[in-house]
Amino acid sequence: MTTDPATIDARTPVPPVVDRATWDAAYEDLLVREKAHTRAGDALAAARRRMPMMELPVVDVVGPDGPVSLLDVFDGRDQLVVYKHMAHVGEPIENQCEGCTLSVYGLHEPSYLHARGMSFAVFFEGPWELASELREFMGYTVPWYSVAGVGDPTLGTEFGEWLWLMRRGDRVYLTYRVTGRGTEAIMPSMQLIDRGVYGRGERWEDSPEGWPQPYAPSGFWRVDGRPVPQWTRPGATPVAAQAHHHH
């Protein structure tokens, strides 16, 4: 989202200015806490590797060439990570979910996953026609599939989450899932913004007095208009060209 120029100007508070020695000392204090945070994350990852797994039904999903088996989505690999993308059916492209587009936009090119035996795909809540339109508009290169009508509670409901699947022969298992704020670890833009002076500018954040927090209490996402980052990407369709879509 573009920063509202009215919220940050010459009067907006900034951190205190200190000399190098004082700054280095403050940084070293923070670094101790950050390293503890990293080690706690390592311990969580170790626990994830010890999670059991649960078998899922081998359903069909719909891709560009029609229905395909979930087994085919693995593309010959043993593991598959899936992002389940929300759909606002009946709404134009500019009203689709901003959070979901940000999540998928963070991973354009899965070569590093492939090298570790893991495929990546997007499972879209809505029909294939809308999935195809949104995928083309956003310039995504990763595989997309529609799971509209899939009744399985893991694959066909609860969108806005990531799933990790394992294939063993002709059987498929769920090994891990993450939703809500757990998805933030897979949004590189948010990781960078969180380390900036003003953070996200969301009103739930614990920030110093006077820090600009212009965004809605519910968070970063727009729910009543076109998601700004989608339209400011290099090569995006100019907004004027989409005017016929507006209600």
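Summary table
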item: Residue that is nearest to residue 142 (Cα to Cα) [pool: residues in the range 85-104 that are of a type in the set (D, E, K, R) and not in a loop (DSSP other than H, G, I, E, B)]; result: 98
item: Qualifying positions in the range 105-130 - under 10 Å from the mean Cα position of the chain (by Cα) and part of a loop (DSSP other than H, G, I, E, B); result: 106, 107
item: Identity of the residue in the range 192-213, within 18 Å of the chain's Cα centre (by Cα) and modelled with pLDDT under 90, that ends up farthest from residue 104 (Cα to Cα); result: 202
item: Residue list for the range 99-137, restricted to those being touching a helix residue (DSSP H, G or I) at 6+ places or on another chain (Cβ under 7 Å), surrounded by 18 or more Cβ atoms within 10 Å (Cβ to Cβ) and more than 23 Å from residue 175 (Cα to Cα); result: 101, 102, 134, 137
item: Single condition residue 87 does not satisfy, out of (1) within 22 Å of residue 173 (Cα to Cα); (2) among the small types (Gly, Ala, Ser); (3) touching a Gly at 6+ places or on another chain (Cβ under 6 Å); result: (1)
item: Matching residues, the range 172-188, being over 21 Å from residue 77 (Cα atoms) and surrounded by 12 or more Cβ atoms within 10 Å (Cβ to Cβ); result: 178, 179, 183, 184, 185, 186, 187, 188
item: Given (1) more than 16 Å from residue 164 (Cα to Cα); (2) under 18 Å from the mean Cα position of the chain (by Cα), index of the condition residue 90 fails; result: (2)
item: Strands (runs of 3 or more DSSP E) contained entirely in the range 35-77, each with at least 1 residues that are within 18 Å of residue 131 (Cβ to Cβ) and in contact (Cβ under 8 Å) with a residue 12 or more places away in the chain; result: 60-63, 66-69
item: Residue that is farthest from residue 147 (Cα to Cα) [pool: residues in the range 78-98 that are surrounded by 15 or more Cβ atoms within 10 Å (Cβ to Cβ) and charged (D, E, K, R)]; result: 94
item: Total residues in the range 1-42, condition exposed (fewer than 10 other Cβ atoms within 10 Å of the Cβ), modelled with pLDDT under 90 and within 29 Å of the chain's Cα centre (by Cα); result: 3
item: Residue, surrounded by the fewest Cβ atoms within 10 Å (Cβ to Cβ), within the range 155-171, restricted to residues that are touching a helix residue (DSSP H, G or I) at 6+ places or on another chain (Cβ under 7 Å) and in a loop (DSSP other than H, G, I, E, B); result: 170
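One line per residue, one yes/no per condition, for (1) at pLDDT below 90; (2) closer than 23 Å to residue 144 by Cα:
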position	(1), (2)
166	no, yes
175	no, yes
179	no, yes
190	yes, no
221	yes, yes
228	yes, yes
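The values are calculated or read from the model by the stated rules, or taken from the named source; none is laboratory data. In this text the structure is predicted, and so the values were computed from the model without any measurement. Positions of Cβ are generated from backbone atoms using ideal geometry, with glycine treated the same way; all protein chains shown enter the neighbour counts.
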